[in-house]
Amino acid sequence: MRIGVPKETKTLEGRVALVPAAAGDLVKRGHEVWLEKDAGIKSGFSDDEYVRLGVNIAADAAELYGKSEMIVKVKEPIAGDLQHLRKDHLLFCYLHLAAEPELTRRLLDIGLTAVAFETVELPNGDLPLLAPMSIIAGKIATQVGTTLLHQPQGGKGKLLGGLPSTERGKVVVFGAGKAGGAAAALAAAGGANVTVFEMRTDRMDEMMALGPNVTALYPYHDVVAREVASADLVVGAVLVTGAKAPRVLTREMLKGMQDGSVVVDISIDQGGCFETSRPTTWKEPTYVEEGVTHFCVTNMPGSVPQTSSQAICAAILPWVNRLAAGGAWRDDPALARGINVEGGKLVHPALMDMKL
């Protein structure tokens, strides 16, 4: 199969879907791999590294898409990408269509088959292609949130970990999956007092095991409002596979927080889990609502492209191999669950009620 890896076009997005070693493995399997010129540069990979492993370099996006049967990229296609996609393309990337009705309409009009990383689902419910980026996003949420609490950044001037003679900072995390768990673990390791809201008891157990400064609670409305009011940093990391994220933090709850506090919405890719959330970019990552700084960047892992590219490539390569092998991939239940649109129709159950 002819596999194309385009340059990512989202604002300040530096990841590349296939690192040189992975692209080389595909070449050894008999596939023809094309890379758009300089697509790997921001991740630390030169075109020469790809060429040495048998990868072809396309001069621009038009040539890359024109040469390819399967498109493997990281983020969802945007305006520049959409003009090159064809009905016969197989698209494999993050899509997050529940929050993107316009993109969904465009893909339906094109009529291609699109398999989304975030909805490739194992029989036990695990999301193997979402997990690595979720972990990175969780770590970034705590790192960025810690920095935004600094007074020169508009924060309240609180050091989360505290020290003898001072109070520890407080972090509230919604969701104890891969993203929320990573955010909570980093905050706890830094010395903050952490409260995690989760409905699954097994995940509550995992959070409590992080240390004596972590509390796991069921998200009763009044309890959530109480804990948020005293929080310095709130991280949202709730997920319903393929669907829009539920709203767990209301504007009224936000009004109870001190000015200069920070909220980070990792769920923004799926529409956001805070009432006051709206998508931002790394170019303009924050805004203030009710005196609270909001960080809602839709591609958080894109800020660490070298690490992120290595992680996502290791996760997706086995699935790229299956897709590239031909039509039999549809017999794989996990990949079948990953199909979002095909032949001009919505396929994934979570998208069936979308208003287009």
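The values are calculated or read from the model by the stated rules, or taken from the named source; none is laboratory data. Keep in mind that what you see is a predicted model, and the values were worked out from it rather than measured. Virtual Cβ from ideal backbone geometry, glycine too; neighbours counted across all protein chains shown.
Here are a few things to note about the model shown:
- Counting residues in region 14-30 that are more than 16 Å from residue 316 (Cα to Cα) and at pLDDT below 95 gives one or more.
- Here residue 42 passes the criteria (1) at pLDDT below 95; (2) touching a helix residue (DSSP H, G or I) at 6+ places or on another chain (Cβ under 7 Å) except the one numbered (1).
- Candidates are the residues of region 246-277 that are assigned to a loop (DSSP other than H, G, I, E, B) and in contact with a Ser or Thr (Cβ under 6 Å, 6 or more places away or on another chain); the one that is surrounded by the fewest Cβ atoms within 10 Å (Cβ to Cβ) is 275.
- In region 163-179, the residues that are under 12 Å from residue 193 (Cα atoms) and either at pLDDT below 95 or in a loop (DSSP other than H, G, I, E, B) (or both): 167, 168, 169
- When residue 175 is tested against (1) surrounded by fewer than 20 Cβ atoms within 10 Å (Cβ to Cβ); (2) on the phi > 0 side of the Ramachandran plot; (3) not charged (D, E, K, R), just one condition goes unmet, and that condition is (1).
- Sole residue being touching a strand residue (DSSP E or B) at 6+ places or on another chain (Cβ under 7 Å) and modelled with pLDDT of 95 or more, chosen from 340, 321: 340
- Top-ranked residue in region 283-303 [being in a loop (DSSP other than H, G, I, E, B) and closer than 21 Å to residue 103 by Cα; ranked as modelled with the highest pLDDT]: 296
- Look at (1) buried (at least 23 other Cβ atoms within 10 Å of the Cβ); (2) without any contact (Cβ under 8 Å) to a residue 40 or more places away in the chain and you find that residue 202 fails only one, number (1).
- Residue 354, sole failed condition from (1) among the aliphatic types (A, V, I, L, M); (2) surrounded by fewer than 24 Cβ atoms within 10 Å (Cβ to Cβ); (3) not in a loop (DSSP other than H, G, I, E, B): (3)
- Test result for residue 308, in the same structural domain as residue 12 (by TED's automatic domain parsing) and either out of contact with any His (no Cβ under 9 Å at 6 or more places or on another chain) or in a helix (DSSP H, G or I) (or both): yes
- Filter result (of a type in the set (Asp, Glu), outside any helix (DSSP H, G or I) and closer than 26 Å to residue 322 by Cβ) within region 26-57: 32, 36
- Scanning region 51-80 for residues that are of a type in the set (Asp, Glu) and out of contact with any helix residue (DSSP H, G or I) (no Cβ under 7 Å at 6 or more places or on another chain) yields 60, 63, 69.
- Applying a threshold of 6 Å to beta carbon distances and a minimum spacing of six or more residues, or different chains, the list of pairs starting in region 26-38 at a residue that is farther than 14 Å from residue 69 by Cβ and ending at one that is exposed (fewer than 15 other Cβ atoms within 10 Å of the Cβ) reads 27/54; 37/59.
- Within region 218-245, the residues that satisfy the criterion of being modelled with pLDDT of 95 or more and surrounded by fewer than 17 Cβ atoms within 10 Å (Cβ to Cβ) are 218, 219, 220, 221, 222, 223, 225, 226, 229, 230.
- Within region 237-289, being charged (D, E, K, R) and within 22 Å of residue 126 (Cβ to Cβ) holds for 244, 269.
- Residues of region 151-162 satisfying the condition of being without any contact (Cβ under 8 Å) to a residue 12 or more places away in the chain and part of a loop (DSSP other than H, G, I, E, B): 159
- Contacts under 6 angstrom Cβ, first residue in region 1-25 being surrounded by fewer than 23 Cβ atoms within 10 Å (Cβ to Cβ), partner among the β-branched types (Val, Ile, Thr), 6 or more apart: 9/78; 11/281
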